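One structure is given below, encoded as structure tokens.
The values are calculated or read from the model by the stated rules, or taken from the named source; none is laboratory data. Bear in mind the structure is a predicted one, so any value in this text is a computation, not a measurement. Reconstructed Cβ throughout: ideal geometry from the backbone, glycine too, with neighbour counts over all protein chains shown.
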Amino acid sequence: MCKVKSPLSLLPPQCNPSDLDLCEDLSDLQSVNECGVLHTLTSRAKANMPLTRAGPNLLNFWPPLETHSKTPRSRRGESVWDAPPALTALVKRVYVSMVGTRRDHSVSAVGRSGTGKTTACQAFTHALLDQAGTTGEKISAERVRAMFTVLRSFGCVSSQHSHASSRFAMVFSLDFNHAGKVSAGHLQTMMLDKWKVCQKTPGESNFLVFSQLLGGLSTEMRTELQLHQLSESNSFGIVHPTKVEEKQRASVAFTKLLTAMETLGFSSGEQKAIWHVLAGIYHLGAAGACKVGRRQFVSFDSAQVASGVLGCEGEDLHTAVFKHHLRQLLQRATGGSRERNAAAEGPRLTAAQCVDGMAAGLYEELFATIVSLINRALSSQQLTLASVMVVDTPGLRNPRHSAEERAAGWSELCHNYLQERLLEHYHTHTFTHTLDRYAQEKIPVELECPEKSPAEAVSAIDQPPPQVNNTNTPTTHKSFKVCLMSLCVSVNVPAVRQCEQPLQCELNHLMGCDPIRYDLTGWFGLIQNNPSAQNAICVLQNSTIAEVKAMFTPRISVPPLCRSLGGLDGASQRSLQRNGTIRKTFSGGMAAIRRHSQCIAVKLQADALVNLIRRARPVFLQCVSTKNEGGSFDIPALRVQLHSTQILSALQMHRTGYPEHMTLSDFRCHFQALSPPIMKRYASMFVSHDERKVCSSSCHTNSMALMFSSEYIHSFIQPLFILQRSSRSNPHLQRHPVITKIIRKQTLNLKENTGDR
Ligand SMILES: Nc1ncnc2c1ncn2[C@@H]1O[C@H](COP(=O)(O)OP(=O)(O)OP(=O)(O)O)[C@@H](O)[C@H]1O
């Protein structure tokens, strides 16, 4: 164990010196856990860290993953993932709170890319499954592990930070039945950047599944998919593993993927359809597009192979990819005024954009279908008490973090925007709502909301763009503004600065701490309507390969902008509710949807994700990295990350304010179930304690809430809740080993605290 240094050395330079008193002792920091924030630091050099302390501290240094190699065993004898102590404590807290309050909870990981969000989310899910246990045949730890394996292959790329960097956002909901056991799982995904499959970011691979497929496919399937002789170039950057080591790794990963698919009950026909679509995308990349002249493929042979593998005629594929104007002409001739306008707006795409559109459309359909197959394996019709939603999103990326000179691209903007939206949700929950509640209840708490908020960056991207003055604006400036307008990024706000380089601007992320330079070149092509992408589903649905046709036909009715959403199916009451929230978000912007704009799709997806978790009681996993790409400890980077968590203000709010509250009617209802002696003791405590410290109540307002200080919650209120809950007619819950143990412990605590011996 290394020496514990003062955490002050790690605090952001911008913080107020008076705030620093709060952090004299590390035990103070621990309490931020109590206000719903767990901080994890990916630490590959634990020994070098200045802040280390055993127990569930705010800054928790996980053991490096190498020490996880010996897979531990759970009580039930299953192998489980090794969750660090702070995470185990958090799992218990979330579980008890969820069962006790019967409210949905959400656990959202936020932070930069490569800081361990996915690892933390997976460890949390497994620890929760182990804690609660499962019921029924549908859900098990093994199936959930298989789900993560499939998602890793289809939704991750290898990057400079990590071998598997997520490129999709997911909300994985675990539904608990009335016995407190996990009865079902429901996965919802959002692929914000649908172009990932065809547009390579420097330093990144394509989705991992391609190299796994090319490295691990059986000879028989390889012949069927015509993947024996691979072309040297691929316009989508799909590379065949060449080194022996790479081949072996890909082959092992592919075998794991096959096993995971079997575990999740993917039939052989469904697996075959998946390989056909992937091979089709590969051959499309090999076919390429002419840069000049007519819009057509460069390699007709590869295009022919692609059409064969997808189960359509070469001419049909050519028409679906390049000849959209025929359909537009038809629309103009036969449609109503709306169709005529849409057809008139139709863009003139380049050949490369057409091919990219088809590949992106095919992958979008494939990913959403795989999510449906996963949900089929995990869903159940059992009634649900409450759910825990685990939210994992692609991390914030800035090329400067990895010492790259380049400016960030469209993919980075989409994912960074989502991170800002989650941080905004954290800010609103921690500060704005809390202070509003105090004001509403007229509770005298001398606290102010932090000056800066992630809302600045969000509104810079969200707000309606300015009008372009066509006559007075110079050409380069005009094109810049046109691009910005189409992206809804406005240059007239402080969070955005126009750079000297043409078509580049800098956006102040993380409340101004992390400015990111974006290069907008080519973005117009990415955000405009791409009919080729929309034709992808028609190609799949009309496929002559029965398995492909059967798998994709159910998706024909999905509206264009919802195609990047996965998991919009499900028959249980809870999954219908969750999907209803997403549908409502998307139907709210119907006018925008008709515009087929990709940036509106990104915004709506972020809206949907936040709306999905808004009602749940949130917990935030703030993941922070400590080292730079060179491997050395990076204090300035750590400061920036800590600053974006607004940790000091959150801590102050928690200590000075009243973190928990309930309505008066709930309060009475809870306490009715308690035995009279305990009630008597409890009533006397009201008088004996300092009123402000223990509990503050106000009857002036309509809501008539009671607010409890943190010490009070942990010593008295929480045990009482649990007692009350268990005393209700819930025999399953009473028999549950974990709950019984906790109730016994809490009863003892309560008796001790109230002097009732
Ligand atoms: N506690 C830890 N100690 C050491 N390495 C870790 C730890 N947690 C995660 N890692 C490693 O860091 C890398 C990135 O992890 P992970 O994919 O979970 O990050 P992420 O934040 O989800 O990244 P992204 O946002 O790009 O998906 C992985 O190689 C993982 O093995």
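Could you tell me whether residue 405 is modelled with pLDDT of 90 or more and away from the ligand (no atom under 16 Å from the Cβ)? No: the conditions fail for residue 405. Looking at segment 582-700, the helices (runs of 4 or more DSSP H) lying wholly inside it that each contain 3 or more residues that are over 32 Å from the mean Cα position of the chain (by Cα) and either modelled with pLDDT of 85 or more or closer than 30 Å to residue 439 by Cβ (or both) sit at 664-672, 676-688, 691-694.
For segment 135-157, the candidate set comprises residues that are small (Gly, Ala, Ser) and in contact (Cβ under 8 Å) with a residue 60 or more places away in the chain; within that set, the residue that is nearest to the ligand (Cβ to nearest atom) is 155.
Condition check ((1) of a type in the set (Gly, Ala, Ser); (2) within 15 Å of the ligand (Cβ to nearest atom); (3) at pLDDT 85 or above; (4) over 16 Å from residue 607 (Cα atoms)) across all residues:
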site	(1), (2), (3), (4)
388	no, no, yes, yes
392	no, yes, yes, no
410	no, no, yes, yes
419	no, yes, yes, no
442	no, no, no, yes
451	no, no, no, yes
454	no, no, yes, no
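Taken together, the residues in segment 171-186 that are buried (at least 23 other Cβ atoms within 10 Å of the Cβ) and either modelled with pLDDT of 90 or more or not in a loop (DSSP other than H, G, I, E, B) (or both) amount to 11. In segment 73-82, is there at least one residue being at pLDDT below 75, within 14 Å of the ligand (Cβ to nearest atom) and in the same structural domain as residue 392 (by TED's automatic domain parsing)? Within segment 73-82 (the criterion being at pLDDT below 75, within 14 Å of the ligand (Cβ to nearest atom) and in the same structural domain as residue 392 (by TED's automatic domain parsing)), the answer is yes, since at least one residue qualifies.
Residue-by-condition table, conditions (1) charged (D, E, K, R); (2) closer than 29 Å to residue 453 by Cα:
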position	(1), (2)
508	no, yes
542	no, no
545	no, no
552	no, no
563	yes, no
568	no, no
574	yes, no
584	yes, yes
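Report, ordered by the first and then the second residue, all pairs with beta carbons closer than 8 Å, sequence separation of six or more or different chains, a first member in segment 450-464 that is touching a residue at least 60 places away in the same chain (Cβ under 8 Å), and a second member that is surrounded by fewer than 18 Cβ atoms within 10 Å (Cβ to Cβ). The qualifying pairs are 452/512.
Here is the figure for segment 108-134: residues that are under 17 Å from residue 147 (Cβ atoms), near the ligand (Cβ under 9 Å from one of its atoms) and either more than 11 Å from the chain's Cα centre (by Cα) or without any contact (Cβ under 8 Å) to a residue 60 or more places away in the chain (or both) total 4.
Among residues of segment 367-393 that are farther than 30 Å from residue 195 by Cβ, those with a Cβ under 8 angstrom from a residue that is within 16 Å of the ligand (Cβ to nearest atom), sequence gap 6+ or separate chain, pair up as 388/107. For segment 158-192, which positions are among the polar types (S, T, N, Q) and within 14 Å of the ligand (Cβ to nearest atom)? Passing the criteria: 158, 159, 160, 162, 165, 166, 189.
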